[in-house]
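Trainee: Got a structure for you, questions after.
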Amino acid sequence: MDGAKDRLARGYTRTSALYDDLVGPGYLAAIRRLLPFVRVGPLPAILDVGCGTGINLFEAARWFAPAGLLVGIDISPGMVAVATAKARQLGIPARILLGDAERLPFPDDTFDLVICNSVFHWFQDRPGAMREMARVLKPGGCLALIAATAPGFREWFLLMDAVVRATLGPDRAAPIPELPTPEELAALMQGAGLTIAGMQNLIQRHLVTNPLTFVQLMSVMAPTWSGDLSDREVAALQAAAARLMAAGWPGGFPVTWSALEAIAVKAPRSHPGA
Ligand SMILES: C[S@@+](CC[C@H](N)C(=O)[O-])C[C@H]1O[C@@H](n2cnc3c(N)ncnc32)[C@H](O)[C@@H]1O
């Protein structure tokens, strides 16, 4: 695994135990908005790409029960461990695999539904990752994509970048993820041979009035910068970021939240003579 992916995997492993409590409800709400628009037949085979703690996979398992096949894949060992333990606890017969979603270890035409919630911006080869998800869909299968979009969290990324550089030196700063635009995502889906059945981009602007809570939340949602750091360094950076937010924006730190929610369908197999 290359350095950036390794750091990302370690960052999410660090926060995997806190993930559901701190950020789970937001991700669950998003997949619950999309699932009613998904059309699949009985006993669907379902893949959750970048499954994290399994929130989407387990919700889909309930929604489409009984499912024919339930698979999650994630690059972070900590996330895989949490999702595996939850599947066992919930009695859901899901296979949770450790692996890179940019090279999916499945044959073509395997799944009726592929879910990808809040993972896409981490991919290095975005057209390739979209082609991989389309490749493993069966003809007529459905992609449920939820993806952070520009200019989401830009204020936070810039603040954190400044804090990391000031505290640890310029070489230690994590790269700021370049979030795709909704138009770019739509073009990628179409370029991978998918037809968009519906999509909406939701934008909200918040004023953060409790900086420390927000800093902890963001450290769980986007912990890439923390992958190489000790717990003590992470705590020091979180405290520094919260202090800067409180001092620089006494009326509340403005944050933009922006995400695309889309359903796209792979063309059904054409029948000879049809
Ligand atoms: C913000 S979390 C979202 C988790 C889950 N989809 C959800 O909705 O709760 C991003 C997840 O993507 C995973 N991830 C990032 N890049 C990945 C890749 N190339 N392959 C597999 N998983 C990846 C991370 O390990 C992390 O679990």
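The values are calculated or read from the model by the stated rules, or taken from the named source; none is laboratory data. This one's a predicted model, so the numbers in the text were calculated from it and none came from an experiment. Here Cβ is always computed from backbone atoms with ideal geometry, including for glycine, and neighbour counts include all displayed protein chains. Side chains are part of the model used for accessible areas, which takes the heavy atoms of the whole protein and leaves out ligands, DNA and RNA. Shrake-Rupley method; radii C 1.70, N 1.55, O 1.52, S 1.80 Å.
Trainee: Being crowded, with 18+ Cβ neighbours inside 10 Å, of a type in the set (Ser, Thr, Tyr), within 10 Å of Pro223 (Cβ to Cβ) and touching a helix residue (DSSP H, G or I) at 6+ places or on another chain (Cβ under 9 Å), is that true of even one residue in the range 22-38?
Mentor: No, the range 22-38 has no match at all.
Trainee: Just checking, which of Ala29, Ala60 is within 13 Å of the ligand (Cβ to nearest atom), more than 15 Å from the chain's Cα centre (by Cα) and among the hydrophobic types (A, V, I, L, M, F, W, C)?
Mentor: Of the residues listed, the single one that is within 13 Å of the ligand (Cβ to nearest atom), more than 15 Å from the chain's Cα centre (by Cα) and among the hydrophobic types (A, V, I, L, M, F, W, C) is Ala60.
Trainee: Considering only residues of the range 73-105 that are outside any helix (DSSP H, G or I) and more than 22 Å from Ala222 (Cα to Cα), which is nearest to the ligand (Cβ to nearest atom)?
Mentor: Leu104
Trainee: How many residues are among the hydrophobic types (A, V, I, L, M, F, W, C), in contact (Cβ under 8 Å) with a residue 60 or more places away in the chain and open to solvent by less than 50 Å² (accessible area, probe 1.4 Å) if we restrict to the range 62-88? I'd like the intermediate steps shown before the answer.
Mentor: Our first condition is that a residue be among the hydrophobic types (A, V, I, L, M, F, W, C); within the range 62-88, this holds for 63-65, 67, 69-71, 73, 75, 79-83, 85, 87.
Narrowing further to those that are in contact (Cβ under 8 Å) with a residue 60 or more places away in the chain: 75, 79, 81-82.
Remaining after also requiring open to solvent by less than 50 Å² (accessible area, probe 1.4 Å): 75, 79, 82.
So the answer is 3.
Trainee: Can you report the number of residues in the range 231-263 which are closer than 20 Å to Tyr19 by Cβ and open to solvent by 20 Å² or more (accessible area, probe 1.4 Å)?
Mentor: Counting residues in the range 231-263 that are closer than 20 Å to Tyr19 by Cβ and open to solvent by 20 Å² or more (accessible area, probe 1.4 Å) gives 4.
Trainee: Give the range 1-26 a look and list any residue that's in a loop (DSSP other than H, G, I, E, B), more than 10 Å from the ligand (Cβ to nearest atom) and either aliphatic (A, V, I, L, M) or within 14 Å of the chain's Cα centre (by Cα) (or both), or say none.
Mentor: If the condition is that a residue be in a loop (DSSP other than H, G, I, E, B), more than 10 Å from the ligand (Cβ to nearest atom) and either aliphatic (A, V, I, L, M) or within 14 Å of the chain's Cα centre (by Cα) (or both), then no residue fits.
Trainee: Okay, next question. Only one residue in His271, His206 is out of contact with any helix residue (DSSP H, G or I) (no Cβ under 6 Å at 6 or more places or on another chain), of a type outside the set (Ser, Thr, Tyr), farther than 30 Å from Pro139 by Cα and outside any helix (DSSP H, G or I). Which one? Give the steps one after another, and end with the answer.
Mentor: Values: His271 fails: farther than 30 Å from Pro139 by Cα.
Only one candidate passes the filter, namely His206.
Trainee: Please verify whether Leu207 is open to solvent by 50 Å² or more (accessible area, probe 1.4 Å) and farther than 22 Å from Arg32 by Cα, treating the condition exactly as stated.
Mentor: Criteria met by Leu207.
Trainee: What pairs come up if the first residue lies in the range 6-31 and is closer than 23 Å to Leu229 by Cα and in contact (Cβ under 8 Å) with a residue 12 or more places away in the chain, the second is of a type in the set (Val, Ile, Thr) and near the ligand (Cβ under 8 Å from one of its atoms), and their beta carbons are under 8 Å apart, counting only those six or more places apart or on different chains?
Mentor: Leu8/Ile75; Ala9/Ile75; Tyr12/Ile75; Ser16/Thr53; Tyr19/Thr53; Asp20/Thr53; Asp20/Ile55
Trainee: Can you say whether Leu159 is at pLDDT 95 or above and either farther than 16 Å from Met199 by Cβ or not hydroxyl-bearing (Ser, Thr, Tyr) (or both), as far as the supplied structure shows? Talk me through it step by step, then tell me what you get.
Mentor: On the way: at pLDDT 95 or above: no; either farther than 16 Å from Met199 by Cβ or not hydroxyl-bearing (Ser, Thr, Tyr) (or both): yes.
In short, no.
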